[in-house]
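Below is one structure, written out as structure tokens; comments come after it.
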Number of protein chains: 2
Amino acid sequence: MAGPKGSKYYDVFLKFKVWLENTDGEGILGDGKFELIDQIDQLGSLKAAADKIGISYRKAWGNVKDAEEKLGFLLVDKHRGGQHGGNSVLTPEGKKLIEAYKELLVEFDESIYQITKKFFNKVNEK
Amino acid sequence: MAGPKGSKYYDVFLKFKVWLENTDGEGILGDGKFELIDQIDQLGSLKAAADKIGISYRKAWGNVKDAEEKLGFLLVDKHRGGQHGGNSVLTPEGKKLIEAYKELLVEFDESIYQITKKFFNKVNEK
DNA sequence: AACCGATATGTTTATATTTGCATAATAGCT
DNA sequence: AGCTATTATGCAAATATAAACATATCGGTT
């Protein structure tokens, strides 16, 4: 959301981001990785998900691995070989994680609407 | 906030960030720059603020300039020369901005508490 | 007019992050 | 057994971000 028409903040937007972090302050997964895992869920393949999102397979694979290592459990069951070369499906934990994240985003969006409105009212006070 | 004791998410935290962005998708200012401007307000000097925060003067100065250019108006009135070499005070706009940001953070913290609780309940469902 | 300490800014060095390249391993199918 | 599409991974190259270095400018005080 942007500030009101004519104000100094007319083309300024308030944005936010949510992510998981471990006790060392390292990011585990945020927006991008959630989107990736969601696409793996929908497409059944790491490669397909990477192509869809527009990142390299190398990066997508590295991202999933990194998140899994930091969490200490698998998010995706990966299989290589076979008729179609292989495939990937979410583990129950991975599935629950992306579902919870989607709900979280909806609730964040609801909260942020009021907060944003108030913020722009405040900065535009004469 | 972390997940409940004993759960897979025991030492995992949900974190968030808010920032201002322009229509080109460029970040204008977030956490770090708000903190910097707040310190300039409290200490009356860019240099003192940079030292306090632990970044170089060069970087602090660049950060303020960048934000001001993207916003199109000044946040800090800077004066050089004089008895103490110079000083910096916030413009009315800068002052309103950090005040609004502080309120925003408080409200975000309140909202996120419930959202986080719900999130960890969800991912830990059996 | 000389001094001082903070602002102002270009340039260079270092570091971190991302992207890309190349190549191996795998397993159902024909 | 060979083909195929995907997973798996090391390593080099390219970018982006941040830190460090060097210098100039300015104006109240002395």
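Worth a mention:
- Over all other residues within a Cβ to Cβ distance under 15 Å of B:N124, the charged ones net out to +3, with Lys and Arg as +1 and Asp and Glu as -1.
- Kirkwood-Stokes translational diffusion coefficient of chain A, alpha-carbon pairs, 4 °C, 1.567 mPa s, µm²/s: 77 µm²/s
- Across the identical copies, the label point of A:G32 (7 Å from Cα in the Cβ direction) is separated from its matches by 1.6 nm, in order from shortest.
- Multiplying each eigenvalue of the alpha-carbon gyration tensor of the protein assembly as shown by 5 and taking the square root yields semi-axes of 41, 19, 18 Å, largest first, rounded to whole angstroms.
- Alpha carbon Rg of the range A:1-68, scaled by the compact-globule rule 2.2 N^0.38 Å: 1.52
- A DSSP coil position with no more than 13 other Cβ atoms inside 10 Å describes the following GluC sites (Glu not before Pro) in the range B:1-88: B:E26.
- Cα long-axis angle, helix A:31-43 against chain A (0 to 90 degrees, to the nearest 10): 50 degrees
- With at most 14 other Cβ atoms within 10 Å, longest stretch of chain A clear of loop chymotrypsin sites (Phe, Trp or Tyr not before Pro) (DSSP): A:11-72
- Label point 7 Å beyond Cα along the C-beta direction, distances from A:K15 to other copies (nm, shortest first): 1.8
- Each Lys and Arg Cβ is given +1 and each Asp and Glu Cβ -1; about its Cα centre, the protein assembly as shown then shows a dipole of about 240 debye.
Bear in mind that the values in this text are calculations on the coordinates, not laboratory data. What you see is a predicted model; the values in this text were computed from it and never measured. Ideal geometry is used to build each Cβ from the backbone, glycine not excepted, and the neighbour counts take in all protein chains shown.
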